[in-house]
Amino acid sequence: MYINKCLLFVICFSLLVGCSKETISPETFGNIDGQVLNSETEEGIGGANITTSPATNSIATNEDGSFSLNEVTTGNYNITASKSEFESTTVSVNVREGKTATAQIYLDPKNGSGEKSLTAEVSAWNERRVNNDNTGSDSTFADVEYEVTNRSDDIEIDRYEVYFKIYTSGETFSKEEGDTALAAGEKNIAEFSKYVHHNTIDSVVVSGKYAD
């Protein structure tokens, strides 16, 4: 009986010690600063609604289109800007501990019937590091997937171009992609990779587009 009690005590003590050694990683936080712009005039859009996924605060932009989300948990976020006179747009950002991610969002004015209407957005992006030799020095690539949609009622787009900006911890990179023949209502999903040296990527956004 005494041996059984001792054995039970040792087991309970071991469980308590094991539990005490478990550590819960503390939450880390960063910030998001952004601006919502008219894609045709590049003027700021005030009063646009800003929502995120995962959810944070739902806020409206200032008169110049700027907005800030402070002390959000680190990780990847989809940020959507919307206003009644414009097509909604979503961009993706990565929030890092103690850093401020940049989200520049361009909204397309809604066009009436009989006009060409092309929308484009980044649907997903990934930061890919490649070790080219044995030095441990990595090269960084932005792998980007995007969607382009012809929202015209009955007009085919013969050719289009989409312009991207890749914001990083060091510098901002630009990329241009294009294709041909997009029928009315048709959506095209495409992807590209862009070398961004050794920088950490903050966000990838559509900075402009052209339809012919």
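The values are calculated or read from the model by the stated rules, or taken from the named source; none is laboratory data. Quick caveat: nothing in here was measured; it's all calculated off a predicted structure. Positions of Cβ are backbone-derived with ideal geometry, glycine not excepted, and every protein chain shown enters the neighbour counts.
Observations on the structure shown:
Rundown of residues vs (1) at pLDDT 90 or above; (2) more than 18 Å from the chain's Cα centre (by Cα); (3) farther than 22 Å from Asn94 by Cβ, yes/no style:
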| position | (1), (2), (3) |
| --- | --- |
| Thr28 | yes, yes, no |
| Ile32 | yes, no, no |
| Val36 | yes, no, no |
| Ile45 | yes, yes, yes |
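- Qualifying residue in the range 119-133 (condition: of a type in the set (Phe, Trp, Tyr) and closer than 21 Å to Thr41 by Cα): no
- Counted residues, the range 144-164 - those being modelled with pLDDT of 90 or more and over 12 Å from the mean Cα position of the chain (by Cα): 13
- Residue among Thr119, Thr140 that alone is of a type in the set (Val, Ile, Thr) and over 23 Å from Leu37 (Cα atoms): Thr140
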